[in-house]
């Protein structure tokens with residue numbers, strides 16, 4: 001008789017109760033919700049990092065163009081980024097990137113700080129989350145460069161006129 005009572009108890013404990021199933025499902029749903037939120041945050045951070053790296057590349061490109069003389073070294077506000085610095089997708093998607101140029105005096109005579117700020121200003125991004133990057137580089141003051149070029153030209157003219165006599 002004892003053996004039949006043990007079999008009944010083992011048979012009754014063989015499955016899960018409804019409470020255990022509901023509790024495990026609640027834990028599973030909570031874990032899936034947390035993982036979904038983490039994936040969403042990861043995607044947002046990846047997109048933000050991509051936009052920031054594009055801004056860095058554009059700022060470096062504009063800085064190079066200013067230093068090479070393709071863009072005038074003068075204060076500029078909200079100028080469109082040159083199309084050659086945009087990817088085809090950015091040009092097609094109508095993402096508007098603008099830049100500011102600022103020339104700031106430095107403590108060293110004859111040097112000036114060239115500050116390039118690139119920001120994304122598409123129609124949907126008028127909030128504080130718009131991507132922005134600022135790059136600063138010291139360069140010879142354009143006024144000093146013009147004076148040096150004029151002095152060199154005057155010296156060449158004097159040399160040339162002196163040699164013709």
Scanning the stretch 76-103 residue by residue, those in contact with a strand residue (DSSP E or B) (Cβ under 8 Å, 6 or more places away or on another chain) and in a loop (DSSP other than H, G, I, E, B) turn out to be 81, 86, 95, 96
Restricting the stretch 114-127 to residues that are surrounded by fewer than 16 Cβ atoms within 10 Å (Cβ to Cβ) and farther than 14 Å from residue 55 by Cα, the residue that is modelled with the lowest pLDDT
125
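Considering 73, 130, which residue is modelled with pLDDT under 90, surrounded by 13 or more Cβ atoms within 10 Å (Cβ to Cβ), under 17 Å from the mean Cα position of the chain (by Cα) and not in a helix (DSSP H, G or I)? Outline the logic, then answer.
On the way: 73 fails: under 17 Å from the mean Cα position of the chain (by Cα).
On inspection, the qualifying residue turns out to be 130.
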Condition broken by residue 86, with the remaining ones in (1) exposed (fewer than 10 other Cβ atoms within 10 Å of the Cβ); (2) farther than 19 Å from residue 137 by Cβ satisfied
(1)
Kindly indicate which of 84, 102, 152 is at pLDDT 90 or above and over 16 Å from the mean Cα position of the chain (by Cα).
102
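Has the stretch 9-24 got at least one residue that is under 42 Å from the mean Cα position of the chain (by Cα), modelled with pLDDT of 70 or more and part of a helix (DSSP H, G or I)? Show your work before the answer.
Filtering the stretch 9-24 for residues under 42 Å from the mean Cα position of the chain (by Cα) gives none.
For the stretch 9-24, residues under 42 Å from the mean Cα position of the chain (by Cα), modelled with pLDDT of 70 or more and part of a helix (DSSP H, G or I): absent.
The values are calculated or read from the model by the stated rules, or taken from the named source; none is laboratory data. Here the structure is a predicted model, which is why all the values come from computation and not from measurement. Quick reminder, even Gly has a Cβ in these numbers, built from the backbone with ideal geometry, and neighbours come from all protein chains shown.
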